[in-house]
1. Please list, by residue number, every one of the GluC sites (Glu not before Pro) in the range 719-761 that is coil in DSSP and has at most 14 other beta-carbon atoms within 10 Å.
2. Of the options A524, F386, A456, report the single residue whose Cα projects farthest towards the positive end of the charge dipole of the range 360-556 (beta-carbon charges: Lys, Arg +1; Asp, Glu -1).
3. Label-point separation (nm) for D709 and Q194, each offset 7 Å from Cα along Cα-to-Cβ?
4. Test of understanding: what is the full-extension gain from D719 to T384, defined as 0.36 nm times their sequence separation minus their Cα-Cα distance?
5. Taking 7 Å along the Cα-to-C-beta vector as the label spot, tell me the D255-Q70 distance in nanometres, rounded to one decimal.
6. According to a simple spin-label model (label point 7 Å from Cα along Cα-to-Cβ), what is the distance in nm between Q538 and I340?
7. Order by neighbour count: K621, K114, K644, fewest other Cβ atoms within 10 Å first, most last.
8. Given a Förster radius of 35 Å and the C-beta distance between Y560 and W514 as r, what FRET efficiency does 1/(1 + (r/R0)^6) yield to the nearest 0.05?
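Laboratory data are not the source of any read-out in this text; all were calculated from the coordinates shown. As the structure is a computational prediction, the values presented were derived from the model and not from experiment. Heads up, the Cβs are rebuilt from the backbone with ideal geometry, glycines too, and the neighbour counts pull from every protein chain shown.
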Amino acid sequence: MFFESLKDIIISIMSKNRIPVLAILLTVLLFFIQHFSSQPPAPKGMDAPLNEFSAVRAHNILKHLLQENQPHPVGSDLNRVVKERLKVELDKLGVEHQEQKTWACSSRFSNCAKVENLIGIIPGKSDLPYLALMAHYDSVPMAPGAGDDGAGVVAILEAVRALKLEVPYKHPIMLIITDAEESGLLGAEAFFNQHPLAKKVGIVLNIEGSGSSGSSMVLRTSDKNELLIKSYSNQNTSPYGFSFVKEIFKRMPNDTDFSVVERANIAGIDFAFAGERNHYHTPNDTVENIDLRTIQHHGENILPLSRELLSADWEDMGDDYIYGGEVYGFWTQWKSSNSIFICLLSAFLLIAALIKSKINLKRTALGILFSPLTVFTTILSGITGFYLLSLLAGNVISWPGIDWPYRLLLIGSIAIGTLLGTAVSRRFIAEQEMIFGSWFFWLLLTLAITILLPDAANIFILPLIFASLLLLLSTFLGDKHKSNFLLLTLIMTLPMTLGIIFSLEQSQGYKLVWAVLPFAGLYALIISPFLYHLKIKQAISYVGAVTFIALITGSFTNLYTEKRPQHVNIHFYENLDADQSYIHLSGNYKNVAANDPEPLIEPLSSYVDTQSSKSLISFAKDYESRYWAETNSSGWKGPVVKNKKRLDNGKSIKMNLKSDRSASRMVLLLPKESNLNSFNLGSLEYKTSLSRWGFYKGFYAIYLNGIYDKEVELTLNFDAGQETINGYLIDISTELPDHLEKLYKARTGIFSPVHGGDQGILIKKIKI
């Protein structure tokens with residue numbers, strides 16, 4: 001009886017709303033197909049053939065390398081321990097290796113460290129350019145670094161084990177295991193700017209991680225990447241990536257060691273994953289939390305690609321290629337210069353379809369004008385949903401917010417926006433006119449993207465050419481079947497829009513909801529005409545009820561959990577000259593002045609002033625921070641300047657810097673009027689420039705990382721002879737004073753340090 005009644009209800013709904021229901025069901029089906037087809041491959045065990053990559057074998061190495069499960073930043077004792085274990089692993093593989101120990105500084109600012117790189121060599125049949133496999137073994141001060149970048153290191157070791165079974169290849173192989181990536185790509189800077197072998201590198205495959213799970217994707221490639229992309233896709237059973245990410249990465253402040261490779265004008269591919277990014281740069285980036293499927297995907301990327309490249313001719317790297325990612329398990333790629341021709345072909349097909357369909361041109365033009373409306377209402381509705389949650393909860397969504405109340409809120413608010421846009425457009429434009437108008441708008445958007453952001457064109461071109469062909473074919477069908485047939489346009493549109501959302505949500509979270517919603521808006525644009533026959537008011541009421549429940553549930557759901565904690569670092573500042581000390585609670589959120597989008601929650605908020613802002617640094621009066629409190633002195637000794645010598649009539653000053661408490665980092669600040677030109681560390685000279693932001697704005701700042709108990713010899717070079725120069729010397733440790741123990745213990749559970757973590761900072765005026 002029940003099933004008969006349910007059957008009658010379904011038949012009734014389908015008879016009245018057949019096209020809208022089919023559109024919605026097809027969307028759900030396609031989303032799951034795309035989502036599951038883009039998952040990383042299953043890990044292979046110890047019994048995998050020796051010529052294949054095994055994530056279990058790689059993970060066993062990772063457990064050995066990072067057996068303490070503790071941070072190992074550059075210069076630390078544990079970092080040297082990890083390096084020595086790596087040398088043993090290279091010996092086991094029979095890989096000749098050497099160390100590169102040298103000072104290195106960032107090419108963009110004066111951020112320096114004494115790095116200890118490992119370089120392994122596997123000879124080839126000739127002295128052709130090397131294929132380099134690169135990853136970094138250091139971690140940030142607050143993370144064990146299993147995902148970033150232990151997974152990359154062991155993926156290389158396991159891949160090399162398999163590669164060595166087939167040596168020699170046409171090209172030799174180089175392993176570049178860098179140090180101090182987290183301090184400013186310094187290991188890579190040291191190798192590519194100082195090491196003689198750098199000139200023999202022809203292609204670099206860099207392996208990175210930004211989380212603890214997810215697919216290993218092609219993050220970016222060098223230009224003229226035809227050989228690289230074709231080699232990557234030829235043998236790979238699970239290729240993954242979108243060239244539009246390369247275009248986005250150009251405009252982001254993020255960096256990997258591959259940035260140094262690009263500046264050196266060397267070809268290559270940058271691989272990375274970003275799932276469970278809440279573990280990124282936190283104590284949760286452990287060996288236990290790393291997904292073996294992710295390690296397997298690293299291996300599935302680099303092992304067959306390496307084999308292909310090692311046997312190839314590299315004299316001609318080919319043209320610029322863009323790649324459309326994995327679409328239901330199929331990899332797409334084409335020459336970038338062909339994009340404009342595909343656009344023109346699509347335009348021809350759309351115009352031919354429009355003429356043959358005999359649809360009113362003015363009404364179609366009106367459809368083009370109305371197309372941005374649905375995109376806009378979808379984006380606006382999505383943003384509104386999350387700002388309402390922020391208002392109700394008194395907070396904003398932490399990243400990544402992937403719990404179901406928030407995910408359901410996202411789906412519901414997007415759906416409401418789509419329905420609102422549909423309700424308006426159908427008052428003025430018929431279904432078929434809107435379908436054509438939407439795709440002509442998509443065409444114009446694609447043309448603009450192709451010209452301005454060519455690497456991002458892939459996500460627009462594939463749906464466009466597919467839909468243009470379908471629209472032309474639909475003109476040969478009767479009106480009765482046309483709408484059913486045109487539902488097929490969703491097949492290619494979805495993986496390029498909604499199919500991207502989940503990975504963006506995982507990697508960026510809802511704090512960057514604007515990064516997700518444009519893709520939802522584009523899909524809403526295409527599905528909107530198929531929703532014309534819905535009872536919009538009724539649909540909005542149903543969706544609105546579900547969205548409201550998600551909104552209320554989300555407002556009462558714990559925003560932070562141990563799995564997704566609020567990121568809070570404890571900073572202790574002590575001005576040794578003024579005998580003033582402060583604590584400051586900062587984290588992965590804006591924390592300047594009064595406009596903090598992520599308020600600090602209890603119980604930590606009770607330790608600090610949450611209402612007012614204050615300048616905590618004597619030399620940075622304009623830099624005010626919230627969540628501060630006065631506190632007691634640490635009792636620590638400050639950093640010292642030793643063995644000062646004036647050279648060349650005061651144009652150079654040689655000195656030794658030392659932290660008496662073995663702090664991990666020191667910063668030397670000199671005022672603008674000193675006219676500092678350069679400085680020498682070891683045998684190398686580095687140019688300086690004034691800092692343009694942050695605490696050190698307006699000063700020449702020299703950052704010395706990983707120093708601990710080392711004494712650093714530094715020579716300062718000025719434009720002219722100098723008398724006494726006033727400056728500041730700062731030392732920074734990850735340890736906090738004993739009297740902050742109570743605060744430290746309170747920062748547990750739903751709180752976690754992140755990135756550089758806790759810092760004990762001593763500030764001292766100096767004269768040199």
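1. Taking the range 719-761 and a limit of 14 other Cβ atoms within 10 Å, the loop GluC sites (Glu not before Pro) found are E723.
2. Among A524, F386, A456, the one farthest towards the positive end of the dipole of the range 360-556 is A524.
3. Between D709 and Q194, the simple spin-label model gives 2.3 nm.
4. Values: separation 335, 0.36 × 335 = 120.60 nm, distance 5.53 nm.
My answer for the length gained is 115.1 nm.
5. Taking the simple label geometry, D255 and Q70 are separated by 2.9 nm.
6. Between I340 and Q538, the label points sit 5.1 nm apart.
7. Fewest to most other Cβ atoms nearby, the residues stand as K621, K644, K114.
8. The formula returns an efficiency of 0.95 here.
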